[in-house]
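Encoded as C-alpha cells, the structure appears first; notes follow it.
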Amino acid sequence: MRIGVLCSGGDSPGMNPCIRAIVRASGLYRHEVVGIRHGYQGLLDADFFDGGGRYNVLGIREVSGLTSRGGTILHSSRSADYSKPDGPARAAEILTRHHFDALIVIGGNGSLTGALDLTRQWKGQVIGIPGTIDNDVLGTDATIGFPTAIQTAVEAIDKLRDTAGSHDMMFIVEVMGRHCGDLALRTAVAGGCEIVAVPEIPTDIPKIVEKLKYYRELGKRSMVMVVAEGDDMGGAYNMMNALKEGGSPYEMRVVVLGHVQRGGTPCPGDRLLAAVLGVGAIEAIQHGESGKMVGYINSKLKLSPLEEVIASHRELTDGMMHLLDALST
Ligand code: F6P
C-alpha cells in the first residue's frame, strides 16, 4: 500500500515522533509512506517530502532521531484553499492521480473535519490522529503535544513565581486555547496557581476581585493567574485592565506565552502517545478501517468515527476546577 501522511493546523510537540512511528510500523507490512508537506495545502499542490527513495517514499532510516525533535519535518499549514467547496474533491483527485491507498492526517479539530470531508470524495482509507496542544478533540484522553505544552507553561510559571514572590506581585499568564480551557486549567493546577479563566465559564470580574481581596487578607503576597486566550475577556491584557478597574489589591503584570508552548522537545508522555497512535493508525489501515480517528482512552487504543470526534469540543476535565479552588488558599 501507498500511505500519505500530513500534519495540519498548529504544530505540536510529538508530531515528529508520530511520523517516525507511522513510517517504522509501515515497514512491518512493507507499506510505502509518502510525507505530504505543508498540510492540506501541500496535498493540493502535490508537495511531497523528498524521502530520497523511489516515488518520494520516506525510508525507515530517514525518520531516525525524530523521537526528540519538536515541530514537524513535514511542515504544517492552515489551508484556505482546501476550505473552499471544491477543496476536498481536488485533494481526492491528487491522491488518486498519485496512486495513494490511504491517508493519515495528524491535527486538531479543524484538521480532522478536513479528513472527514475527504472521506466523502475519495475511496481511499482516511485515518486521523489527534495532534494539537489544545486538547480539544473528543475520543482521546490527550492529544499529541498537550503534555509537553503543559510542561512548558508550568516551567514558565515556576520562574514567574520566583519574581512574583520577590516583588509581591501578581502575574497573569496567558496560555493558548481558543475554545478549550483544558490547557489553562491543568496548567493552573500543576503550576499551583490561584485563579484560572477559561472559555467555557463566563468571567465574573467582581467575584475574582473579591477572591483576590480574600487571598490578600489570608496573607498571600504574590499570586499567579492563568488565562486561556479564548476567555471571554479577550486575553490577559484585558483581564488585567478589568481587574485593575474592579479594585484588585495586587500590582499586576502580564506574560503571554503564545507560540512558545508549541515548540520544544516532546516530553516522554508525548513520545509514548505518538508511538501508540502512530502504530495504531497503521494497524487501523491494515484492518481496512477508514473515516476514523485513533485515540488513547484509559491506556487503551480506541477508534472513533471522525463524525463523533469533531461533533463538539471536549469539556473541561471533571473535578479539575474544584481541585484548583481547594488548593489555592
Ligand atoms: O490550534 C493550535 C493553536 O496553537 C491554538 O492554541 C492557537 O489558538 C492557534 O493554534 C494559533 O494559531 P496561529 O499559529 O495560526 O496563530
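The values are calculated or read from the model by the stated rules, or taken from the named source; none is laboratory data. In this text the structure is predicted, and so the values were computed from the model without any measurement. Neighbour counts run over all protein chains shown; Cβ positions are idealised from the backbone, glycine included. The area values use the complete protein model at the heavy-atom level, side chains included, leaving out ligands, DNA and RNA. Shrake-Rupley method; radii C 1.70, N 1.55, O 1.52, S 1.80 Å.
It is to be established whether one or more residues within the stretch 2-19 are open to solvent by 50 Å² or more (accessible area, probe 1.4 Å), away from the ligand (no atom under 16 Å from the Cβ) and not in a helix (DSSP H, G or I).
No, because not a single residue in the stretch 2-19 is open to solvent by 50 Å² or more (accessible area, probe 1.4 Å), away from the ligand (no atom under 16 Å from the Cβ) and not in a helix (DSSP H, G or I).
Of the residues 262, 271, 314, which single one is among the basic types (Lys, Arg), within 16 Å of the ligand (Cβ to nearest atom) and modelled with pLDDT of 95 or more? Before you say what the answer is, go through the steps one by one.
Values: 271 fails: within 16 Å of the ligand (Cβ to nearest atom); 314 fails: modelled with pLDDT of 95 or more.
Going through 262, 271, 314 in turn, just one is among the basic types (Lys, Arg), within 16 Å of the ligand (Cβ to nearest atom) and modelled with pLDDT of 95 or more: 262.
Across the stretch 41-71, what is the total count of residues that are in contact (Cβ under 8 Å) with a residue 24 or more places away in the chain, open to solvent by less than 20 Å² (accessible area, probe 1.4 Å) and in contact with a Leu (Cβ under 7 Å, 6 or more places away or on another chain)?
2
From the list 78, 30, 24, exactly one residue is open to solvent by 10 Å² or more (accessible area, probe 1.4 Å) and more than 18 Å from residue 279 (Cβ to Cβ). Which is it?
78
Conditions (1) touching a strand residue (DSSP E or B) at 6+ places or on another chain (Cβ under 8 Å); (2) surrounded by 21 or more Cβ atoms within 10 Å (Cβ to Cβ); (3) farther than 27 Å from residue 259 by Cα, marked per residue:
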site: 206; (1), (2), (3): no, no, yes
site: 214; (1), (2), (3): no, no, yes
site: 217; (1), (2), (3): no, no, yes
site: 220; (1), (2), (3): no, no, yes
site: 224; (1), (2), (3): yes, yes, no
site: 231; (1), (2), (3): yes, yes, no
site: 236; (1), (2), (3): yes, yes, no
site: 242; (1), (2), (3): no, no, no
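Of 119, 203, 140, which residue is assigned by TED's automatic domain parsing to the domain that holds residue 274, more than 14 Å from the ligand (Cβ to nearest atom) and closer than 20 Å to residue 319 by Cα?
Numbers: 119 fails: closer than 20 Å to residue 319 by Cα; 203 fails: assigned by TED's automatic domain parsing to the domain that holds residue 274.
After ruling out the rest, the residue left standing is 140.
Please tell me if residue 137 is touching a helix residue (DSSP H, G or I) at 6+ places or on another chain (Cβ under 9 Å), crowded, with 22+ Cβ neighbours inside 10 Å, under 17 Å from residue 324 (Cβ atoms) and touching a residue at least 60 places away in the same chain (Cβ under 8 Å).
On the way: touching a helix residue (DSSP H, G or I) at 6+ places or on another chain (Cβ under 9 Å): yes; crowded, with 22+ Cβ neighbours inside 10 Å: yes; under 17 Å from residue 324 (Cβ atoms): no; touching a residue at least 60 places away in the same chain (Cβ under 8 Å): yes.
So residue 137 fails the test.
What helices (runs of 4 or more DSSP H), lying completely within the stretch 252-327, carry at least 2 residues that are open to solvent by less than 10 Å² (accessible area, probe 1.4 Å)?
On the way: elements: 268-286, 306-310, 320-327.
Passing ranges, in order: 268-286, 306-310.
For residue 295, indicate whether it is within 21 Å of the chain's Cα centre (by Cα) and not assigned by TED's automatic domain parsing to the domain that holds residue 159. Reasoning before the result, please.
On the way: within 21 Å of the chain's Cα centre (by Cα): yes; not assigned by TED's automatic domain parsing to the domain that holds residue 159: yes.
The answer is yes for residue 295.
Scan the stretch 148-169 for residues that are polar (S, T, N, Q) and either closer than 22 Å to residue 135 by Cα or surrounded by 17 or more Cβ atoms within 10 Å (Cβ to Cβ) (or both) and report the count.
Initially, the stretch 148-169 is screened for residues polar (S, T, N, Q), giving 148, 151-152, 163, 166.
With either closer than 22 Å to residue 135 by Cα or surrounded by 17 or more Cβ atoms within 10 Å (Cβ to Cβ) (or both) added as a condition, the list becomes 148, 151-152.
Number of matching residues: 3.
So is residue 22 part of a helix (DSSP H, G or I) and either modelled with pLDDT of 95 or more or more than 28 Å from residue 268 (Cβ to Cβ) (or both) or not?
So residue 22 fits the description; yes.
Is it fair to say residue 137 is out of contact with any Phe, Trp or Tyr (no Cβ under 7 Å at 6 or more places or on another chain) and assigned to a loop (DSSP other than H, G, I, E, B)?
In short, yes.
Just to be sure I understand the filter: pairs with C-beta atoms under 6 Å, separated by 6 or more residues or on different chains, first member in the stretch 74-86 and over 19 Å from residue 5 (Cβ atoms), second member of a type in the set (A, V, I, L, M). Which pairs pass?
81/44
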